[in-house]
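Every number in this text was worked out from the coordinates using simple rules, so none of it is lab data. A quick note: this is a predicted structure, and the numbers were derived from the prediction, not measured. All Cβ positions, glycine included, derive from the backbone under ideal geometry; neighbour counts span all protein chains shown.
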Amino acid sequence: MLMGVALLIAFSQPGTAQQTPAERIEATLFQNVRVFDGKSATLSAPSNVLVRGNRIERISTSPIAADAGARVIDGGGRTLMPGLIDAHWHAMFIRPTPAEMLSSPPAHTNFLAGAEATDTLMRGFTTVRDVGGPVFSLKEAIDQGLVVGPRIYPSGAMITITSGHGDFRDFNDLPRSPGKLTRGEILGGMAIADSPDEVRMRVREQLMQGASQIKLTGGGGVSSPFSPIDAVTFTEPEMRAAVEAAHNWGTYVAVHAFTDEAIRIAIDAGATCIEHGFLMSDATARLIADKGIWLSLQPLPDALRTGFPVGSVQREKADEVFPGIGRTYALAKKYKIKVAWGTDVLFSRALAQQQGAILASLTQWYTPAEALVMATSTNAELLAMSGKRNPYHGKLGVVEPGAFADLLLVDGNPLQDIKLIADPARNFLVIMKDGKIYKNTLAR
């Protein structure tokens, strides 16, 4: 069923400025571009960039001869930069509501996710780290060229406890019968584990399916109905079991946690990436820095908070968490914590369309160059922590010889005006992923 849906998506894309090529042109030459390499705070001198296959072969300020049959793109002095990376994405949870996902046929959910994946790529996001959801088939379909979308680093099911963040069951599903899976678990959206042995099993199930990293919910969450923000979910032995199982496969565990206690249990258990951390103290921020732990932060837009109905438990929790966002960014800067950037959009296609604007909002705390470095080469460093579980063996997030040819040609200088990335339809003239061009408004 998924393949039929995937083929429908792949062959239903617009064919003028946007392209979904069946085959790759062997070489593409970008002439007269100013390069943002994903690391520097300035653009290069006018340069030429040669792409061969799916890699960047050469960058030179001197002319590069075009091969016979090569595609030549005159950049006209515009900016060539790496494709953007969102380090906290939920590809399967953007368009449906929780109730729709649990009740709809999986084929329909996959169709929605495939359409959203195409939109994600057309916003200039060539890679996402998916931190919870049944995304393995979508990733495979994208990698096989059946669906147009970004590279996906999948976590698989969010591993949680009974009543933890990610447990969207209702009371009709209780009591839980050991060995009997509920609808959300069968779909692969969540995996409930209430002992160290269950945690090991659930982690290994995700790794078996191709997870590049593991996602645990170590504390309460905003969107889950029965998960108080202050609650600590996994015990340290349970968390340690997940870390051990992931380490045995050469990868790492990312832990959703807001509070000091949840964060410290995760760190003590050996987790190397904390998601959110919006209620942490100064002392915990210092601990994260001292231990070299990654902090995956999201400048959540207030529309996400106000999207929850007034008086709902989710709105009450959002009102508690959101004031901590700015303070957490300030702590991260104070202690020079390794910070990744993501969006964490859930259940809202409208907010997903603001993906670039959410990135641009980082300028509340960072310069445009710092924000764009974070969303390219820094996020790529986090992705590389998956070691041999990395599904894409090559450099991402940079423009340099040998790196994957995931590139954007921007009409303007985003290091001076980061708001350019908030309007990708207008300002991203060329979108290339893996050496293939999916949009080219300069083509004649």
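Observations on the structure shown:
- Viscosity 0.890 mPa s, temperature 25 °C, Stokes-Einstein D of the range 200-301 from Kirkwood C-alpha radius, µm²/s: 179
- Rounded Å value of the spacing that divides the Cα centres of the range 380-444 and the range 43-65: 15
- P(r) tail for the range 243-392: Cα pairs beyond 27 Å make up 24% of the total.
- Mean-position separation - Cα centroids, the range 270-317 and the range 79-131, in angstrom: 21
- Nearest-0.05 FRET efficiency for LYS180 and ASN32, computed from C-beta distance (R0 45 Å): 0.10
- Helix-only mean residue ellipticity at 222 nm for the chain, each DSSP H run of n ≥ 4 adding -39500 (n - 2.57), per residue, nearest 500: -8500 deg cm²/dmol
- Dipole magnitude of the range 218-265 about its Cα centre (Cβ charges: Lys, Arg +1; Asp, Glu -1), debye to nearest 20: 120
- 10 Å-binned pair-distance histogram of the range 347-396 (Cα, whole percent): 23, 35, 35, 7
- The order of the peptides 80-87, 284-291, 236-243 by mean Cβ neighbours within 10 Å, most packed first, is 80-87, 236-243, 284-291.
- Where the Cα pairs of the range 84-389 fall when distances are cut into 10 Å bins, in %: 6, 30, 40, 22, 2, 0
- Net lengthening on full extension, ASP197/ALA283 (0.36 nm per residue, minus Cα-Cα): 27.7 nm
- Convex hull (Cα only) mean projected area of the range 155-195, reported in nm² to one decimal: 2.9
- In this simple spin-label model, placing a label point 7 Å from the Cα along the Cα-to-Cβ direction at both LYS334 and ASP170 gives a separation of 4.4 nm.
- Dipole moment magnitude, nearest 20 debye, the range 68-175 about Cα centre, only Lys, Arg, Asp, Glu C-beta charged: 400
- The modelled label-to-label distance for the pair LEU442/LYS419, using points 7 Å beyond Cα in the direction of Cβ, is 2.5 nm.
- Straight Cα distances below 12 angstrom link LYS139 to the aspartates and glutamates ASP130, with same-chain residues fewer than 8 positions distant left out.
- Förster radius 25 Å - calculated FRET efficiency between MET208 and GLN144 (Cβ-Cβ, nearest 0.05): 0.80
- For the pair SER103 and GLU400, label points projected 7 Å from Cα toward Cβ lie 5.2 nm apart.
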